[in-house]
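Readers should treat all values here as calculations from the given coordinates under stated rules, not as data from a laboratory. Predicted model, so just to flag it, every value in this text is computed and none were measured. Here the Cβ positions follow ideal geometry from the backbone for every residue, glycine too, while neighbour counts run over all protein chains shown.
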Amino acid sequence: MYINIKGHLQDLSAPQVMGILNITPDSFYAESRKQSEAAIILRGKQILEEGAGIIDVGAYSSRPGAVYVSEAEEMSRLEHGLRILFREYPDAIVSVDTFRAAIARRCVEEYGVAIINDIAAGTLDDKMFQTVADLHVPYIIMHMRGTPQTMMQLTEYEDFRQEIFSYFSEKIARLNQLGVHDIILDPGFGFSKNLEQNYELMKMLADFRIFDLPLLVGISRKKMIRDVLDCQTEESLNGTTILNVYSLLNGAHILRVHDVKEAVQAVKLIEKIKNSPI
């Protein structure tokens, strides 16, 4: 399982860890919010030193009910963060979490971003698919209905499993027609899904192998963990690690996390088991 990043094939047969860096004032986990230059430098250093292969930078919180952020404000935040990151860590592989095509283009062309991570899979900007095709970068598409402001009002499905798989099938076909083949699937835990649906989705993970594409799982410290364990965000690392291990055992190629060290350790141990002789 490979993706082409800046002309180099990235092997995902051993799962990768993606560390989260939020240049936002309102992301749900306070420890992930980094806005000052010093904080961004330290977070970038931590992500890389703890073993993540990708830094995922976001400037628009996508938590349920998140405050709307204008395109100009999102780009301003990203410019601030990306300048610092690439000055300090010029060889880092950076993805940008945005659903706006114009921002995706600027981040790739002006700052050297390697991957676009789109929570809306093109549904919030009809120029995104063509933009990604033009940029020749890997593209993460996530399952979501509506917007961050409305998604939790859109959790009614006639056939949950079928609708999610049809969603990805249609997106993949359209992207392939445009020449986009470096596609990563994100099932969208916590996005337009209630608690029971999130765990149904977790149980379905192995079935995503039918697409023969890399699978990204992002459940780090999310409400689906806190609700079951009756704990606060700050207390949800153990639950996160348990679900990350389950995800690795069921086909995850990338773990998107706040806590890089623990995720890297999980990958190492699972890979050790898989590669040990019988």
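Annotations for the structure displayed:
- Stokes-Einstein D (µm²/s) once Rh is taken as the Kirkwood radius of the chain over alpha-carbon pairs, at 4 °C in 1.567 mPa s: 69
- For the chain, modelled as a GNM whose springs connect Cα atoms under 10 angstrom apart, the maximal fluctuation among 143, 80, 258 occurs at 80.
- Cubic angstrom per residue, convex hull over Cα atoms of segment 97-182: 85
- Volume per residue for segment 165-278 equals 123 cubic angstrom (convex hull of Cα atoms).
- Taking the square roots of 5 times each eigenvalue of the Cα gyration tensor of segment 141-204, largest first, gives ellipsoid semi-axes of 22, 13, 11 Å.
- Neighbourhood net charge (14 Å Cβ-Cβ; Lys/Arg +1, Asp/Glu -1) for residue 8: -2
- Between segment 100-134 and segment 1-27, the alpha-carbon centres lie 15 Å apart.
- Violating pairs (Cα-Cα greater than 23 angstrom) within the set 203/274; 171/222; 193/222: 171/222
- Arranged from fewest to most other beta-carbon atoms within 10 Å of their beta carbon, 253, 136 become 136, 253.
- Top of 88, 158, 234 by mean-square fluctuation, Gaussian network on the chain, Cα under 10 Å: 158
- Computed [θ] at 222 nm, helices only, for the chain once each DSSP H run of length n ≥ 4 contributes -39500 (n - 2.57): -13000 deg cm²/dmol
- 168, 86 arranged by Cβ crowding within 10 Å, fewest neighbours leading: 86, 168
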